[in-house]
1. Report the local net charge at ARG124: Lys and Arg +1, Asp and Glu -1, summed over other residues whose C-beta lies under 15 Å from its C-beta.
2. Give, in nm to one decimal, the length gained when the segment between ASP279 and VAL296 is fully stretched (0.36 nm per residue of separation minus the Cα-Cα distance).
3. Can you run phi through the Karplus equation (6.51, -1.76, 1.60; θ = phi - 60°) for the range 245-258 and list ³J(HN,Hα) in whole Hz, with x for Gly and Pro?
4. Compute the FRET efficiency between THR76 and LYS130 as 1/(1 + (r/R0)^6), taking r as their Cβ-Cβ distance and R0 = 51 Å, and round to the nearest 0.05.
5. Over all alpha-carbon pairs of the range 18-72, lay out the pair-distance distribution in 5 Å bins, whole %, shortest bin first.
6. Once you keep just the Cα pairs under 8 angstrom separated by 6 or more residues, what percentage relative contact order results for the range 217-364?
7. Against the 2.2 N^0.38 Å scaling, with N counting residues, where does the range 1-145 land? I'd like the Cα-based Rg ratio to two decimal places.
8. Normalised by the number of residues in the chain, what is the relative contact order in percent for Cα pairs under 8 Å and 6+ residues apart?
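The values are calculated or read from the model by the stated rules, or taken from the named source; none is laboratory data. Predicted model only: the values in this text are computed from it and were never measured. Neighbour counts run over all protein chains shown; Cβ positions are idealised from the backbone, glycine included. The accessibility values were calculated without ligands, DNA or RNA, using every heavy atom of the protein model including side chains. Shrake-Rupley method; radii C 1.70, N 1.55, O 1.52, S 1.80 Å.
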Amino acid sequence: MKVVLENLTKKFPPRNKKSGSDVIAVNNFNFEFPDGKLIGLLGPSGCGKSTALNLISGLQKPTSGKIYFGDDEVTTLEPEKRGVGLVFQNYALYPHLTVRQNIIFPLQNFKGKDKLTKAEMNERALEIAKLVQIDMLMDRKPSELSGGQQQRVAIARALVKMPRVLLLDEPLSNLDARLRLQTREEIKRIQQKTGITTVFVTHDQEEAMSISDLIVVMRDGVVQQIGKPQEVYDDPKNLFVAKFLGTPPINVFDGCVKGQKLYIGEEFIMEAPGVGDADVYVGIRPEGFVLDEGGVLSCALDRVEVMGRDISVVASHKNAHATVRAIVSSDSNVNITAATVKFSVKPSKIDIYDKETEERIAIGVKNG
Ligand code: ADP
Ligand code: MG
């Protein structure tokens, strides 16, 4: 089931009535969530992710705009009539009920022709429990489960009603690092198996990048960019998106374009055909640096961190906004006693940004 948001806006009145203006938690959100895909809704805390999700679920009503599930408009429809499954950060299981009873719970409200017998409910619960791999835990209470298992029960409970849309709000935030990795793969597997259109909210860019078919990056209620994770990473629309995606983050320098050449300080970095003279921000991904004695960029070497597969070269440059981090392969020869380190830079890993708008400026060569 596709989900369409049309000019969707949610305003909240100011917390302090005397001063301050409305908070626009979601600002004119337009998007068609494609059927059967997993879409990651990504952005820093407070950017409006949960509000957007609550509008889709019906827990909150928009100030303006419309929501469609398929061709049906659901903008004012009550949440229980939308056919959505919801999973939150805190699993919100009933502590006195067993896993089986927790999963069955939503089925007990079915009325009329949808009413299920006890046997049918048990059968449905077992089927879903098998899917999320908790079928051996059916008689336990939530307190007898690990966090990861509890979250699986919550997912099973959301799926047992066969929802048209599955909505997950930071479902992994309460899990430790290893379980978080494992459970996110599980969610991906379950989503692919069921084919339910799924919206997955997270502030963790790596989490969103790793499991989403598409990511939607938000900032202050406004959608910044929508695309496949790799596309958004490679071609960020603006500096905010560029900085939000990737670990270690993109390195940002003050630079300028003069006579269609890009400089950082005095150092000539590369040709910039088609770009007018201007001061710019230069973004270089950590994997864009190559150790090179004859390289264009000279940095003061701070230290070298060995991280197994890769080496992280930590350095300083007077035009850099922060410490420079370069990721090079572990078989590189780094002279750790040297005072300076020189890099050449892969042109495809360099982007430039307008200093006023922070929008990315296309460079002739890169864009064909
Ligand atoms: P996120 O989930 O991305 O962290 P939220 O959607 O929870 O962000 O919040 C977006 C913005 O809306 C924030 O500035 C938040 O303070 C504000 N907000 C959220 N819910 C309410 C509410 N019920 N009343 C007033 N402001 C709210
Ligand atoms: Mg939230």
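1. On the way: positive: ARG100, LYS115, LYS118, LYS130, ARG157, LYS161; negative: ASP114, GLU120, GLU123, GLU127, ASP135.
Neighbourhood net charge equals +1.
2. Values: separation 17, 0.36 × 17 = 6.12 nm, distance 1.88 nm.
Net length gain for the segment: 4.2 nm.
3. 9, x, 10, x, x, 4, 8, 10, 10, 7, x, 8, 10, 9
4. Working: r = 37 Å, r/R0 = 0.72.
After rounding to 0.05, the efficiency reads 0.85.
5. 4, 15, 25, 26, 17, 7, 3, 2, 1, 0
6. On the way: 318 pairs, mean separation 37.0, N = 148.
RCO, the range 217-364: 25 percent.
7. Details: Rg = 18.8 Å, N = 145, 2.2 N^0.38 = 14.6 Å.
The range 1-145 yields a ratio of 1.29.
8. 15 percent
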